[in-house]
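Colleague: I'd like to ask some things about the structure below.
The values are calculated or read from the model by the stated rules, or taken from the named source; none is laboratory data. Treat the numbers as computed from the prediction; the structure is a model and nothing was measured. Here the Cβ is made from the backbone with ideal geometry for all residues, glycine too, and neighbour counts use every protein chain on show.
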Amino acid sequence: MAVTRPASPQARATDPGRAAAGLVAAPERIVLMLVVLALSAGLWASLGMHTPWTVLPTAVVGVVAAWRIVPVPSRVAAADRTGALAALVGSGAWAVAAAVLHAEYLIVVRDPGFLTLAGLWLVDHPDSDIPSLGAIDAAGVDSTVLADASQAWNLRGDDVQPQGARMLSALIAAGGWVAGDRGVLVANCLVGAVGILAIYALARRVLGPLAALAPAGAVALSVSHIGLSRAAYTEPLTLVLVLAAALWLWRGVEERRAGPLVLGAVTAGAISFVRIDGAAFAAGLLAATVLALALIEGSRAKRATAALGVLAIQAAVLLAGYGALWRWSEGYADRLADQAVLLMVGYSVLTVVLALWVASWFAGGDGVATAARDRLGRRGAVAAGVAVSTVLAVLASRPLWMVAHRGTETSVDRFTNSVVESFQRGQGFEVDPTRTYAEHTVAWVSYYLTWPLVLLGILGFGLATTWMLTRRPAWALLLGATLPTSLLYFWNPEVVPDQLWAFRRFEPATLPGFAIAAAVAAWWLIGRLREGRRPMARRVAAGAFLVLPLSTWVSISPSDDLPVSAATPVFVREMGGAYDQITALCDVAPDRPIILAGTSSHFGSLRVMCDQPTALALASLTPEQVAEMAQAWDVAPVVLTRDPDWFEWTADPEIVVSSRVRQASYALQEIPRTYFDRDYQWYAGVVGEDGVLAPVAPSSSTGASASSAASAASLSVGEVTSP
């Protein structure tokens, strides 16, 4: 699809195709609007000034300023309209379907818990630091009492900081400004839908408007993209930023325009506002941009100036993101300081090397790249493509000749090994707790795209490498956006290997990269057929890109206990019931400080959603200790516990909240196809002057009636119950 600068206002006013041209530009412009909103939210959250009155006006100004970076096409064919309309309608329908089963990840078991809660906090607060409000004094009574919770919530001075970078939480908080708590819970579903449009917009540059629907549809129907978008995982937003940066840098390189290069550099650097490994994604995009600028024709001075601008802008934004991470999540940054510093050193070395090379272009140093390309010639380019495909094929073959293990020295290793052992025993696998299953990482991609698309993707990456050297240097942007982090995590994912958790590593770049590369290979193979056979082959290929990922939704295994099972990330609301549980706990004794006893998973849930100071007790306490804790506040606190034996009561306590929360099971080497229900029974008591608790009476909405309703709930095929 050919695109040019927008026509003059007079020409547009009389152009009968203006609406059609706007339709064709709409997918990329929607991506632009989300990226600018995310940049605005991340910026103001990093400055501690995240409010509707700062974020939204900044986003509007940014969108207006960047609007023409996405030009409308001068000519629109029927295929352009059809492809854009299908992408818009398809992603819209996908967003609705995802929102219907949005997750309620409000209990902190894994990352979406604290990311969602941080988003809820930022709806009504300008920064993510949560005041302890006396909890530190209360925690002073004993070493088993904390004013924070390990890992996910860390003290910094008198404030509690949620773990992780802030851009995603700041972005989904904007959903709360529109639709309250449910708006926050649904927001990442919209991010996932825009991710589909980002795949379409990037693929359209190399495949055309109709063929680009194939990789977009494959990712949209993958279990991983569905499951990771319904909860507040950072990966869908990272996918949008990575692909949008590649798209705009590609546009800037080929169209010789500064605007797309600047926006692409900012977007790539801003990945550090989402993830601590943002430098890995940014480095690939940076190297690809510089290489593409070195290989294209044009003024040497202009290309060198453009490359230096991209280097400076991306580095500045990336460093700002890491600075914001250290400011707003110091404990998390300290824990991962070794990895973060290693990434930053690597990124810095790469940036300096590239900057020195680009500086030499003014004296002809860019000729190094063009001379190397010319020396390679056609055969050398093909050999380079074969080498890339061979590396990927070897990585895919590792289960045939390799078993990967981790060490046992560090506490993290020992903890991960214990988790892996529990999963192995639960699934009846051979117990080998030090296994990382890293040799299966390429196979993990096949769980969601299937092997035919993975094998096509391996071929497609080789073709893209060859064409980068022989036809179109900007192919480097697709390779730089997707291959470096894919190769890094294929070799060493450094993650607990259960699905979908482990596949998070591959959602932002590997999944869309393989989908696009597979489509490139498929349409290249179709082009080798006789002319008369190509239309039918294209239809078959398009259908395969939809049917193959869809086939992973259901598993048929007649010999198993569950002969027919479905992918729970598609059909089950993750943590369904958590929202009602937390709101019910907040209603038990409103406007009182909270002493949470026994479970750290609910610490942030109560502190954020009840908006009351909260202290965490990890062991039983004497009445004297409880009374001393209560002195930290002007109002007698309420104790919430699942174990009433930890405290003394003035009377036998009753269950005040009974709740059932549903979660997908943890599965090694397969998509989760079962779920478990976790039952919660909570007791509450107001602390008396002597430290003895006066039980809170259950209400009709949260007591025995709720328990009876939960007990009577029917169990579905594939369910595994758990206490």
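Colleague: Could you tell me how many of the residues in region 364-375 are surrounded by fewer than 16 Cβ atoms within 10 Å (Cβ to Cβ) and not hydroxyl-bearing (Ser, Thr, Tyr)?
Modeller: So the answer is 7.
Colleague: Next up: Which residue, of ALA21, ALA87, ALA41, is among the hydrophobic types (A, V, I, L, M, F, W, C) and at pLDDT below 95?
Modeller: ALA21
Colleague: Another question, if that's okay. With respect to the numbered conditions (1) within 23 Å of LEU43 (Cα to Cα); (2) modelled with pLDDT of 95 or more; (3) under 22 Å from the mean Cα position of the chain (by Cα), which one is the sole condition not fulfilled by TYR332?
Modeller: Status for TYR332: all satisfied but (2).
Colleague: Say whether the condition of being surrounded by 16 or more Cβ atoms within 10 Å (Cβ to Cβ), in contact with a Pro (Cβ under 6 Å, 6 or more places away or on another chain) and in contact (Cβ under 8 Å) with a residue 40 or more places away in the chain is met by at least one residue in region 34-45.
Modeller: no
Colleague: If a residue counts only when it is of a type in the set (Asp, Glu), which helices (runs of 4 or more DSSP H) contained entirely in region 180-285 have at least 3 such residues?
Modeller: 235-255
Colleague: Does region 337-344 contain any residue that is of a type in the set (S, T, N, Q), in contact with a strand residue (DSSP E or B) (Cβ under 6 Å, 6 or more places away or on another chain) and under 30 Å from ALA149 (Cα atoms)?
Modeller: no
Colleague: Does any residue of region 117-129 turn out to be modelled with pLDDT under 95, outside any helix (DSSP H, G or I) and either closer than 27 Å to ALA218 by Cα or in contact with a strand residue (DSSP E or B) (Cβ under 6 Å, 6 or more places away or on another chain) (or both)?
Modeller: Scanning region 117-129, I find no residue that is modelled with pLDDT under 95, outside any helix (DSSP H, G or I) and either closer than 27 Å to ALA218 by Cα or in contact with a strand residue (DSSP E or B) (Cβ under 6 Å, 6 or more places away or on another chain) (or both), so the answer is no.
Colleague: Of the numbered conditions (1) surrounded by fewer than 22 Cβ atoms within 10 Å (Cβ to Cβ); (2) in contact (Cβ under 8 Å) with a residue 24 or more places away in the chain, PRO590 satisfies every one except a single condition; which is it?
Modeller: (2)
Colleague: Go through region 121-136 and give me each residue that's closer than 21 Å to ILE595 by Cα and within 21 Å of the chain's Cα centre (by Cα).
Modeller: Matches in region 121-136: TRP121 only.
Colleague: Here is a list: LEU511, LEU585, LEU478, LEU562. Which entry is surrounded by fewer than 16 Cβ atoms within 10 Å (Cβ to Cβ) and either at pLDDT below 95 or part of a helix (DSSP H, G or I) (or both)?
Modeller: Values: LEU511 fails: surrounded by fewer than 16 Cβ atoms within 10 Å (Cβ to Cβ); LEU585 fails: surrounded by fewer than 16 Cβ atoms within 10 Å (Cβ to Cβ); LEU478 fails: surrounded by fewer than 16 Cβ atoms within 10 Å (Cβ to Cβ).
Going through LEU511, LEU585, LEU478, LEU562 in turn, the sole match is LEU562.
Colleague: Within region 376-389, track down each residue that is surrounded by 13 or more Cβ atoms within 10 Å (Cβ to Cβ) and in contact (Cβ under 8 Å) with a residue 40 or more places away in the chain.
Modeller: LEU376, GLY380, ALA381, VAL382, ALA384, GLY385, VAL386, VAL388, SER389 - these are the residues of region 376-389 that are surrounded by 13 or more Cβ atoms within 10 Å (Cβ to Cβ) and in contact (Cβ under 8 Å) with a residue 40 or more places away in the chain.
Colleague: Next question, about the same structure. Test of understanding: among ARG471, ARG398, ARG425, which residue is over 25 Å from the mean Cα position of the chain (by Cα), more than 20 Å from THR289 (Cα to Cα) and surrounded by fewer than 16 Cβ atoms within 10 Å (Cβ to Cβ)?
Modeller: ARG425
Colleague: Follow-up. Can you confirm whether LEU483 is crowded, with 18+ Cβ neighbours inside 10 Å, touching a strand residue (DSSP E or B) at 6+ places or on another chain (Cβ under 9 Å) and either of a type outside the set (Phe, Trp, Tyr) or within 20 Å of TRP553 (Cα to Cα) (or both)?
Modeller: Numbers: crowded, with 18+ Cβ neighbours inside 10 Å: yes; touching a strand residue (DSSP E or B) at 6+ places or on another chain (Cβ under 9 Å): no; either of a type outside the set (Phe, Trp, Tyr) or within 20 Å of TRP553 (Cα to Cα) (or both): yes.
Answer is no for this residue.
Colleague: Is one or more of the residues making up region 351-363 touching a helix residue (DSSP H, G or I) at 6+ places or on another chain (Cβ under 6 Å) and either surrounded by fewer than 13 Cβ atoms within 10 Å (Cβ to Cβ) or outside any helix (DSSP H, G or I) (or both)?
Modeller: For region 351-363, residues touching a helix residue (DSSP H, G or I) at 6+ places or on another chain (Cβ under 6 Å) and either surrounded by fewer than 13 Cβ atoms within 10 Å (Cβ to Cβ) or outside any helix (DSSP H, G or I) (or both): present.
Colleague: Any residue at all in region 240-247 that's closer than 22 Å to ARG373 by Cβ and modelled with pLDDT of 95 or more?
Modeller: Quick first cut of region 240-247, residues closer than 22 Å to ARG373 by Cβ only: 246.
Now drop any that are not modelled with pLDDT of 95 or more, which leaves 246.
Yes, because at least one residue in region 240-247 is closer than 22 Å to ARG373 by Cβ and modelled with pLDDT of 95 or more.
Colleague: Let me ask another. Considering only region 70-106, how many residues are farther than 13 Å from LEU185 by Cβ and either in contact with a strand residue (DSSP E or B) (Cβ under 8 Å, 6 or more places away or on another chain) or in a loop (DSSP other than H, G, I, E, B) (or both)? Write out each step before concluding.
Modeller: We begin by selecting, within region 70-106, every residue farther than 13 Å from LEU185 by Cβ; these are 70-97.
Remaining after also requiring either in contact with a strand residue (DSSP E or B) (Cβ under 8 Å, 6 or more places away or on another chain) or in a loop (DSSP other than H, G, I, E, B) (or both): 70-77.
Looking only at that region, the number is 8.
Colleague: If I go through region 484-529 residue by residue, how many of them are more than 21 Å from PRO549 (Cα to Cα) and aliphatic (A, V, I, L, M)?
Modeller: Total meeting the criteria: 5.
Colleague: What about SER557, is it surrounded by 14 or more Cβ atoms within 10 Å (Cβ to Cβ) and either touching a helix residue (DSSP H, G or I) at 6+ places or on another chain (Cβ under 6 Å) or at pLDDT below 95 (or both)?
Modeller: no
Colleague: OK, next. All but one of (1) surrounded by fewer than 18 Cβ atoms within 10 Å (Cβ to Cβ); (2) over 30 Å from ALA518 (Cα atoms); (3) hydroxyl-bearing (Ser, Thr, Tyr) hold for THR416; which doesn't?
Modeller: (1)
Colleague: Also, I was wondering about something else. Consider ARG335 against the criteria (1) surrounded by 12 or more Cβ atoms within 10 Å (Cβ to Cβ); (2) in contact with a helix residue (DSSP H, G or I) (Cβ under 8 Å, 6 or more places away or on another chain): it satisfies all of them except one. Which criterion is unmet?
Modeller: With respect to (1) surrounded by 12 or more Cβ atoms within 10 Å (Cβ to Cβ); (2) in contact with a helix residue (DSSP H, G or I) (Cβ under 8 Å, 6 or more places away or on another chain), ARG335 is out only on (2).
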